[in-house]
1. Just want the ordering: 471, 422, 203, from fewest to most Cβ atoms lying within 10 Å of their own Cβ.
2. Just to confirm the number: angle between the C-alpha axis of helix 185-195 and the first principal axis of the chain, 0 to 90 degrees, nearest 10?
3. Distance between Cα centroids, the range 135-177 to the range 442-458: provide it in whole Å.
4. Exposure proxy check: 464, 389, 295 ranked by fewest other beta carbons within 10 Å?
5. Counting only DSSP beta bridges with both residues in the chain, tell me the antiparallel percent, nearest 5.
6. Apply the a/c threshold of 1.5 to the C-alpha gyration tensor of the range 28-254 and tell me whether it is rounded, prolate or oblate.
7. Considering only C-alpha atoms, what is the centroid distance from the range 384-412 to the range 343-364, in Å?
8. Suppose R0 equals 25 Å. What FRET efficiency, 1/(1 + (r/R0)^6) with r the Cβ-Cβ distance, do residue 119 and residue 49 give to the nearest 0.05?
């Protein structure tokens, strides 16, 4: 019966993957995509298949992002007759050049980002009819506004979720500000202040002399969700059409549903695939225990880890906050392991060869299914250049934590909801670390929602793996490698 259910789930998952992929592919109908050479800067150009030379829009991603995150805007603009160009900033995606300054020197970082934007804009301008516009998200929202300030050759600027550099009534020319309705109030206040009173969904000024100003709040989305928002796509396309006097197809690449189908199908496929893992023990094992004995294992590492790391030097990797994450995971895992030993949680009797095969299967599923789809559609997931040697370094941190955590939440006597409790405690621990050192660790707040999604998926797949293999070890090792890979591939490289 279990095999039949697995086959049914596999077929439904494959159908969801196929449907989601088809919808994403269909959105690109009439769009030609190709790489663009801008020195060492990875870039891509999206243009109408008709070959028409419309205005060029350079589309810039935010902090810790990559050009894949901006595809919905690039496809929407190309379907509307524009030439859209995406690229990776220094220290981001597949750009091999580290970001100067990092978070410690705003002037150096802004200079490096603006220089990269300028190089891409100079090359991109020649791909269209000579007219140029800019669109940027988060960090890049501020960069495109600064870059366009005082320049008459940038006809329009769209800033999504920007922090609000100073502007005037004339500069930058034709400015649209967009913020997610669920974003912090200070971002919404910045949009109101920069666009001017009365400019919410109302265009003030004139396109002809570059004084047009407008702001809007994208309904039902936050800082990342705005990149897939119907409101944000429609406002941006409408703004450029108004500036350049164009009437396009009105097509919007609303890909949230297709992405949900694709990634939901990939997750569901993990259950039948887990049935192929080898049995590693005769009887299921794990260190899980009842809540009365388990609560110190949940709470003590969450509190002690950020407090103890205040005493440890944390800058030794060219990966922004990668050193801190590695140390946090490693210490958290060691503390959890010591508490499990104190509680007499026992040790594994699994067969090492079968554990290794199971771990390879879990890691391959995580990196070849979710990893490939993520790299194509969401964010760069390939650790190129110096990022490659950072994977084993990050693994030194993620492996102790996953080994201890998986052992703590699995077993025949494990407390109910132990797995979500330890994952939530880990995220709370990261927030405590931010509260203790907000200047240096503020960026961790941005990644907490992404980490929550990662850990929810890992927890579910870990349970499936444990039930089949009988031991928590394959999932712990496989997921430690997958997370180390993801962190090394996505966190910004800095000097």
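The numbers here are math on the coordinates, done by the rules we state, and not lab data. Computed from a prediction, not measured in an experiment: that's the story for all the values here. Methodologically, a virtual Cβ is constructed for each residue, glycine included, from the backbone with ideal geometry; neighbour enumeration extends over all protein chains shown.
1. 203, 422, 471
2. 10
3. Taking the Cα centre of each part, the range 135-177 and the range 442-458 sit 29 Å apart.
4. In increasing order of surrounding Cβ atoms, one gets 389, 295, 464.
5. 35
6. Note, shape of the range 28-254 comes out rounded.
7. Going from one Cα centre to the other spans 14 Å.
8. Once rounded, the FRET efficiency stands at 0.40.
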